[in-house]
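Written out below as structure tokens is the structure these notes cover.
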Amino acid sequence: ATAECAVQVLNEQYAVVGWKTVTIGPNEAGEGDGGGRTTAHRVQLRLESEGVSGGVNSFWILDDR
């Protein structure tokens, strides 16, 4: 399935200094680990100030009708 993920970067005070929604398409069975269930992705986003950590805040599956 195709998913959308909200990616965020935090500063030292745990404030959000960057945020972006990205779309991740389905994987082939041979991609990534776990038979295609786990893959890694890189995202570039603009920051308001220096960030110290980042990750996925939330994700949801898109309706592929």
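Kirkwood radius, the chain, all distinct C-alpha pairs, inverse of mean reciprocal distance: 13.2 Å.
Across region 17-22, computed HN-Hα scalar couplings (Karplus, 6.51 cos²θ - 1.76 cosθ + 1.60, θ = phi - 60°) run 10, x, 7, 7, 9, 10 Hz from first to last residue, x flagging Gly and Pro.
Of 42, 37, the order by accessible heavy-atom surface (1.4 Å probe, DNA, RNA and ligands excluded), from most exposed downward, is 42, 37. Magnitude of the charge dipole for the chain, about its Cα centre and with charges confined to Cβ atoms of Lys, Arg (+1) and Asp, Glu (-1), is about 80 debye. Between residue 47 and residue 16, the contour length at 0.36 nm per residue exceeds the alpha carbon distance by 10.3 nm.
Listed values for region 43-60 are Karplus-derived 3J(HN,Hα) couplings in whole Hz (6.51 cos²θ - 1.76 cosθ + 1.60, θ = phi - 60°), namely 9, 9, 9, 7, 10, 6, 7, 4, x, 10, 8, x, x, 7, 7, 7, 8, 8, and x replaces Gly and Pro.
For the set 12, 48, solvent exposure ranked by accessible area (probe 1.4 Å, protein chains only) runs largest to smallest as 48, 12.
The values are calculated or read from the model by the stated rules, or taken from the named source; none is laboratory data. On a predicted model such as this, the values are computed, not experimentally measured, just so you know. All Cβ positions, even for glycine, are placed from backbone atoms using ideal geometry, and neighbour counts span all protein chains on display. These area figures cover heavy atoms from the full protein model, side chains too; ligands, DNA and RNA do not enter into them. Shrake-Rupley method; radii C 1.70, N 1.55, O 1.52, S 1.80 Å.
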